[in-house]
Structure formats: structure tokens, C-alpha cells
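J.: Provided herewith is a single structure, encoded as C-alpha cells, for subsequent inquiry.
The values are calculated or read from the model by the stated rules, or taken from the named source; none is laboratory data. Predicted model only: the values in this text are computed from it and were never measured. Positions of Cβ are backbone-derived with ideal geometry, glycine not excepted, and every protein chain shown enters the neighbour counts.
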Amino acid sequence: MAKMTKRGRVDVVVAGAGYVGLATAVSIAQARPALKVIVVDAAPPGVWQRDGRASAIAAAACRMLSQLGCWDEIAPQAQAITDMVVTDSRTSDPVRPVFLTFDGEVSTGEPFAHMTPNKALNGGLRRRAAELGIDLLEGVAVERFDAGPAGVTVALADGTAIEASLLVAADGVKSRLRDMAGIKTVHWDYGQSGIVCTVKHERPHNGRAEEHFLPAGPFATLPLTGNRSSIVWTERTEEAERLIAEDDIVFETELELRFGLKLGEISVEGPRRAWPLGLTLAREFVAPRFALVGDAAHGIHPIAGQGLNLGFKDAAALAEVVVEADRLGEDIGALDVLERYARWRRFDTVQMGITTDVLNRMFSNDFGPLRAVRDIGLGMVDRMPRLKEFFIRQAAGLAGEAPRLLRGEAI
């Protein structure tokens, strides 16, 4: 085996330069400048700039991004979700009755979520990371790592190695680092794929988000800036593959059947893609000198739009644990320190995974008696303001014991 060249010692290595990995690095470095943080990413430089998708950012995550000094740069490109409606119907039904509506504010002037271009989100976090002196190594994968009593040695594909106190894996739902750490997962496939695309339409959406529960799965219309909307369309995997392979006319015709004509004529803007959907939960969130965040720890169904926001909670919680441990003179990579993070995040993650699983199974079918029961349930919730307020706070990420950053407070 070739000898590795040592890059020097740092405190934290974050593997993965997506939103959650960058947010973790920025959160630690901003709160504790004495801790040296480095980010390594296997993706080639510039890949993130070609991402034309958008993500739903909950109010708590917006507070966090504001506290990190990123939101003012991102906000002009974000679209507030001002209200949301939920319907339950078949594609062929001439009328889609609205069973549930939500006001889009958690407090006066604060929407419960924004639709944010992925490129703007990633760019804002990268700019802040650079300001904080965080080194970003792109196009370099982690080959292996060895954890010991005094630290972890992270070997990179370019023949160099980094010594650190803690390695954070933010490398996605198919995390290689999670496998290297020997952490097993609970996983099952839904037999569904999520089709994602952007559409232009004639009339304004006025900030309204809609979720249609159709027999094959939810069809979500999420507002973007201008007369545009982001589509997250769940279909059986075989049907999704067929639709992606169709020409533009056939695809837009199928899309129009689900989208409707309420906003006038529609046309697809940019590429369309499909991703297989499933539930993946890591059995452990930490190991000695090692922690999982974001999709590396949990991959859930997009039915509630909470995947990325769970990841931001991970970033905020891990940063808070690491920073407070360092202030107390503790070893930030010690297992007893990292277990504080695991205990904090495990229940919330499992609860959300189970919730999205149950919702998907309940609404992705055309069983008449079950449809009647769920529609009655939605109608009852719509008539209970306190319960609706509870659900809004959950969706906004403000329920439960939220980390300080998600409350808009400094660590």
C-alpha cells in the first residue's frame, strides 16, 4: 500500500458538501472559531451549480440559515408558501374537493416554509464557509478511515490523509462512510419513484402549495418565484420510468391531467428526473469519532416534505453538542459526547420515518372504505384550529426540543 501524505491535523472532517454537510461545518466553525473544520466532497467541482431543483425550507431552518449569516443572500430567490390545500381524488375525477387547508404563517410575517432553489442554498452556505476559513476539497473521496483513542485518520483518494478528532458523514442515503463504519440500516422500498420537474404556467400561484393524494401516490405542486411551480410527483416505479422516457408532448399531457388548468396552460421548464423512494433508517447514529447526519442517517418519503429539514436539525444538534463539549474541555469525538447527539435525534427521526411511512401507505391506494375514512379524518382536522396549529408548527420544525439554531439563537 502506498504511503499516505499527511495534510495536518484538524478538529472536524465533514464528508459531503451538500446542504446538511455544509450547514454542519458552518454551524461548528461560526460558534467555535478555535475548532478547525474541513469539508471533503467526492463530487467534481461545479456539479452543484447545475442543480435546477428547489427544496422546501421550513421556518426553523430559515431561522438557522439567518443565524448562520446565509438567509439574506438566499431569500431574494426564495418563494414563501402562503397557504396549503390538501385534496384526495382519482386522476379521472372531474372535481377535486378540498378536505384540508392550512394558513401559511407560524407567526405574523413568518411563513411556515419557503421554496428555495438548491443552487442558491448551496451557494449561500459555500460563501459563508469560505468566510469562516473552512477548507473545501472537491472531487476527493474518502477511501477509508481508522478511529483510535486519540483521533481518526481519514485517508483520501488523492493519496493524502487527515488527522481529526471527529469525522461527520453527510454523504447521502447510500452513504459509503456509514458502510465503512459497519453501521447497519433498516430499509424497505416502496415500489414508487418521485418525478421532479419545474413547470411554467400562465397565471400566478399566489404562494399556494397543493398536495393531491392520488391512487399511485401524492402529487405536490410547490410555488416558485414568478409564474413557476416545482412538481414532486409520486408514481409506481414502472410508470415513472415510462413517463420519464416519453417525449415532451406525452409527458406534459400526463402532467396536465394531474396539475389541472387552474393556472392556465403549463409547460415543463428544464429537465425531468425520477428517484426511487424508500425508507432508510440507520440503526446507530454514531460510533467512536464518527457521526451520521442528514440522509446518511435517514432517508424518508417526501410526502411531508421533511427530509432536508430533518437534516438541518441533525446539523444544528450535532454542532450544539460538539461546541458545548469543547467549551467544557471534553473530547469532541468521544463516544459518550456523540451519544448525546444520538439520543437527541434518534426519537424524532424514527417518529418522522414511521409517520411518513404510515401516511404513504394510507394515501397511496384506491381502497374505497379507507378513502372514506381518511377523507373524514382530513375534514375533521380542518375544523379543529388548535390541531391545525399543531401540525403547522410540526411542519415548520418548531415543535419539541429544537436546537438553538433552529430557534434563531446562537449556540
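J.: With (1) in contact with a Pro (Cβ under 6 Å, 6 or more places away or on another chain); (2) within 15 Å of VAL12 (Cα to Cα) as the list, and GLY104 as the residue in question, which single condition is left unmet?
T.: Tallying (1) in contact with a Pro (Cβ under 6 Å, 6 or more places away or on another chain); (2) within 15 Å of VAL12 (Cα to Cα), GLY104 fails exactly one: (2).
J.: Cβ contacts < 9 Å: first residue on the phi < 0 side of the Ramachandran plot and surrounded by fewer than 18 Cβ atoms within 10 Å (Cβ to Cβ), restricted to region 163-177; second residue modelled with pLDDT of 95 or more and assigned to a loop (DSSP other than H, G, I, E, B), any location; separation 6+ or different chain. Result?
T.: Partner pairs satisfying both residue conditions: GLU163/VAL10; GLU163/GLY151; ARG176/ALA42; ARG176/ALA141.
J.: Right, something else. State which residue is surrounded by the fewest Cβ atoms within 10 Å (Cβ to Cβ) when the search covers only region 97-138 and only residues that are in a helix (DSSP H, G or I) and small (Gly, Ala, Ser).
T.: It comes out as ALA130.
J.: Against the conditions (1) at pLDDT 95 or above; (2) surrounded by 24 or more Cβ atoms within 10 Å (Cβ to Cβ); (3) touching a strand residue (DSSP E or B) at 6+ places or on another chain (Cβ under 9 Å), where does ALA42 fall short? Just the number, please.
T.: The number of the failed condition is (2).
J.: What about ARG228, is it charged (D, E, K, R) and within 28 Å of ALA113 (Cα to Cα)?
T.: Details: charged (D, E, K, R): yes; within 28 Å of ALA113 (Cα to Cα): yes.
Yes, satisfied.
J.: Looking only at residues in region 326-355 that are under 18 Å from the mean Cα position of the chain (by Cα) and touching a residue at least 60 places away in the same chain (Cβ under 8 Å), which one is surrounded by the fewest Cβ atoms within 10 Å (Cβ to Cβ)?
T.: Step by step, filter region 326-355, then rank; the result is VAL350.
Quick grid of which residues meet (1) modelled with pLDDT under 95; (2) in a helix (DSSP H, G or I); (3) surrounded by fewer than 21 Cβ atoms within 10 Å (Cβ to Cβ):
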residue	(1), (2), (3)
LEU279	no, no, yes
GLU284	no, no, yes
ASN309	yes, yes, no
ALA315	no, yes, no
GLU324	no, yes, yes
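J.: If you don't mind, there's one more thing I want to ask. Could you list all residues from region 216-248 that are buried (at least 21 other Cβ atoms within 10 Å of the Cβ) and outside any strand (DSSP E or B)?
T.: The one that is buried (at least 21 other Cβ atoms within 10 Å of the Cβ) and outside any strand (DSSP E or B): ALA240.
J.: I need the full set of residues from region 249-268 which are loosely packed, with under 15 Cβ neighbours inside 10 Å and closer than 20 Å to MET115 by Cα, in order please.
T.: So in region 249-268, the residues loosely packed, with under 15 Cβ neighbours inside 10 Å come out as 249-250, 253, 256-257, 260-262, 264-265, 267.
Once the filter is applied, which keeps residues that are loosely packed, with under 15 Cβ neighbours inside 10 Å and closer than 20 Å to MET115 by Cα, region 249-268 yields only SER267.
J.: Here are the criteria: (1) modelled with pLDDT of 85 or more; (2) loosely packed, with under 12 Cβ neighbours inside 10 Å. Tell me which single one GLU401 does not satisfy.
T.: (1)
J.: Could you list, in sequence order, the residues of region 139-154 that are surrounded by fewer than 17 Cβ atoms within 10 Å (Cβ to Cβ) and out of contact with any Leu (no Cβ under 9 Å at 6 or more places or on another chain)?
T.: GLY139, ARG144, ASP146, GLY148, PRO149, ALA150
J.: List every residue pair whose Cβ atoms lie under 8 Å apart, where the two residues are 6 or more positions apart in sequence or sit on different chains, the first residue falls within region 1-22 and is assigned to a strand (DSSP E or B), and the second residue, located anywhere, is among the hydroxyl-bearing types (Ser, Thr, Tyr) and at pLDDT 80 or above.
T.: Cβ pairs passing all conditions: THR5/THR160; LYS6/THR160; ARG7/THR160; VAL12/SER165; VAL14/THR24.
J.: Here is a further query. Restrict the check to region 52-64 and report whether at least one residue is crowded, with 19+ Cβ neighbours inside 10 Å, over 30 Å from PRO204 (Cβ atoms) and hydrophobic (A, V, I, L, M, F, W, C).
T.: No: zero hits.
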